[in-house]
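Quick notes on the structure that follows.
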Amino acid sequence: MTQAAYEQAVILIDQANSEDTNVETAEGKEFPKELLYGQRMSDMLSRYKSDADHVMQLAVRGQHIQRWQSSRSNYPMNRQGYHKWRSDLYVFHANKVAAIMTQVGFAEDAVLRAKHAVAKVAMKSNSDTQLLEDVASLVFIEHYMLKFAEKHPEYSEEKWITIIQKTWRKMSDEAHSFVLAGKVILPKDLTPLILKAVQA
């Protein structure tokens, strides 16, 4: 696919995420939350897998496209409701990314690849899906884990180790090596706990 089609798809994904009324501050500036997330995902992909093709660059960029349109409050507030919300989100995001790629002229096989990756199809056997999960986990560790911790001061060290290990298990050996080689900025206050969890 042409560079022009790829660039147009990025513009459309970013335009969609610019509609997010939820705001997050980074480096002293305010950004629509999901726009910033998409940019962080793209940045991490370029650091982790610089040779990723346009299909995966778009899947990564659009992983949370218009996430705010599907509210957690629309589902039962229990474990089953949470998992249903998450699984529905995967399909919602995948369809949005696929529609944009089709609109700008990507071939059907390329669209399907992106759709499967964003929908988290065949996590351990689909290398595209695993790559997207690696990048999402790396972004979570670098940018969002500390904020999550601040929301849950009641969590014990044992619970935190369980949470970190759950994230770690989603990642490939290559992503593990990337973290342990110091290529991800670990949140300073959580670094000892993260290292304890992953080395256990």
Subject >> For the range 87-94, 3J(HN,Hα) per residue [Karplus equation, 6.51 cos²θ - 1.76 cosθ + 1.60, θ = phi - 60°, Hz, x = Gly/Pro] >> reply: 5, 5, 4, 4, 5, 4, 5, 4
Subject >> Separation in nanometres of the label points that stand 7 Å from Cα toward Cβ, at Leu195 and Gln3 >> reply: 4.3
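Given a 1.4 Å probe and heavy atoms of the protein chains only, how would you sort Glu157, Glu142, largest accessible area at the top? Display every interim value, and only then the final one.
On the way: Glu157 95, Glu142 35 Å².
If we order Glu157, Glu142 from most to least accessible, we get Glu157, Glu142.
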Subject >> For the range 15-20, 3J(HN,Hα) per residue [Karplus equation, 6.51 cos²θ - 1.76 cosθ + 1.60, θ = phi - 60°, Hz, x = Gly/Pro] >> reply: 4, 4, 6, 5, 6, 5
Subject >> Sulfur and carbon atoms: percent of accessible area, the chain [1.4 Å] >> reply: 53
**OP:** Using a 1.4 angstrom probe on the protein heavy atoms only, line up Phe106, Phe92 by accessible area, largest first.
**Re:** Phe92, Phe106
Original post:
Using θ = phi - 60° and the Karplus curve 6.51 cos²θ - 1.76 cosθ + 1.60, what whole-Hz ³J(HN,Hα) does each residue of the range 187-196 get, with Gly and Pro shown as x?
Top reply: x, 3, 5, 9, 4, x, 5, 4, 5, 5
Original post:
So what's the angle, to the nearest 10 degrees on a 0 to 90 scale, between helix 127-139 and the longest Cα principal axis of the chain?
Top reply: 50
**OP:** Give the accessible area for Tyr37 in Å² (nearest 10); use a 1.4 Å probe, count only protein heavy atoms, and leave out ligands, DNA and RNA.
**Re:** 20
**OP:** Round to the nearest 10 and give me the degree value, 0 to 90, for the angle of helix 157-170's Cα axis relative to the longest principal axis of the chain.
**Re:** 30
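By the gyration tensor of its Cα atoms, with a ≥ b ≥ c the square roots of the eigenvalues, what is the shape of the chain: rounded for a/c under 1.5, prolate for a/b over b/c, or oblate?
On the way: a/c = 1.60, a/b = 1.41, b/c = 1.14.
Prolate.
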**OP:** Using only protein heavy atoms and a 1.4 Å probe, report how much of Lys49 is accessible, in Å² to the nearest 10.
**Re:** 50
**OP:** Show the residues, 5+ positions off or on another chain, whose built amide H is closer than 5 Å to the amide H of Glu24.
**Re:** Phe31, Lys33
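How fast does the range 1-92 diffuse by Stokes-Einstein, in µm²/s, taking the Kirkwood radius from C-alpha pairs at 4 °C and 1.567 mPa s?
Values: Rh = 14.5 Å.
The Stokes-Einstein estimate is 89 µm²/s.
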Subject >> Solvent-accessible surface (1.4 angstrom probe) belonging to Ser156, in square angstrom, nearest 10 >> reply: 60
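Which net charge results when you count Lys and Arg as +1 and Asp and Glu as -1 among the other residues whose beta-carbon is under 12 Å from that of His93?
Numbers: positive: Arg61, Arg67, Arg86, Lys96, Lys115, Lys120; negative: Glu34, Asp88.
So the surrounding residues net to +4.
Provide the gained length on full extension for the span Lys124 to Gln39, in nm with one decimal, where the gain is 0.36 nm per separating residue minus the Cα-Cα distance. It would help to have the intermediate numbers written out before the result.
On the way: separation 85, 0.36 × 85 = 30.60 nm, distance 2.53 nm.
Length gained between Lys124 and Gln39: 28.1 nm.
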Original post:
At what distance in nm do the modelled label points of Ser87 and Val23 sit from each other, each positioned 7 Å from its Cα along Cα→Cβ?
Top reply: 3.8
**OP:** Take each of the peptides 159-171, 52-64, average the number of other beta-carbon atoms within 10 Å over its residues, and list them starting from the highest.
**Re:** 52-64, 159-171
Original post:
Using 0.36 nm per residue, how much length does the chain from Ser70 to Asp53 gain when fully extended, once their Cα-Cα distance is taken away?
Top reply: 3.2 nm
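The values are calculated or read from the model by the stated rules, or taken from the named source; none is laboratory data. Nothing here was measured: the structure is a model prediction, and the numbers come from that model. Neighbour counts are summed over all protein chains in view; Cβ atoms, including those assigned to glycine, are modelled from backbone coordinates with ideal geometry. Ligands, DNA and RNA are stripped out before the accessible areas are found, and what is left, the full protein with its side chains, is counted by its heavy atoms. Shrake-Rupley method; radii C 1.70, N 1.55, O 1.52, S 1.80 Å.
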